[in-house]
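To start, the structure itself, in structure tokens.
What follows is calculated from the coordinates using simple rules that are stated; it is not laboratory data. Owing to the predicted nature of the structure, the values given are computational and were not obtained by experimental measurement.
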Amino acid sequence: MERKSDQVSQIVQILVALPLAVVLTIWTIWITVTAFIGGQAPWFFIDFVGVNLIRGFLWLVIVDPIVVTVAYWIFMLVLLPVIALSAIFGRPSK
């Protein structure tokens, strides 16, 4: 049976991780769709002109793995301090 402090730390981690994961996933999908259909890529200073399947597939194969890696780094940069703090403050005092 888990201690109450462990349950609280898991809840805090989920409350931070879940919204961040959703935002990063939506952002990655938005960029990929923009590469296929054209328009201004969000948070990139690239303006795609018109629908282009080749550009979209190249973006999907070449750029998306880089974007997902950077999104993972951002995710860990935010989440690791939260995990550390919840581990420190979640410990029962002696």
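Residue separation times 0.36 nm, minus the C-alpha to C-alpha distance between Ile88 and Asp64: what's the value? List each step's numbers first, then the result.
Details: separation 24, 0.36 × 24 = 8.64 nm, distance 3.57 nm.
Length gained, Ile88 through Asp64: 5.1 nm.
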Dividing the mean separation of Cα pairs under 8 Å (6+ apart) by the residue count of segment 5-75 yields a relative contact order in percent of 26 percent
Derived scalar couplings ³J(HN,Hα) [segment 24-29; Karplus, 6.51 cos²θ - 1.76 cosθ + 1.60; whole Hz; x for Gly, Pro]:
5, 5, 4, 4, 5, 5
Per the Kirkwood treatment, what hydrodynamic radius in Å, one decimal, follows for segment 4-89 from the mean inverse distance over all distinct Cα pairs?
14.6 Å
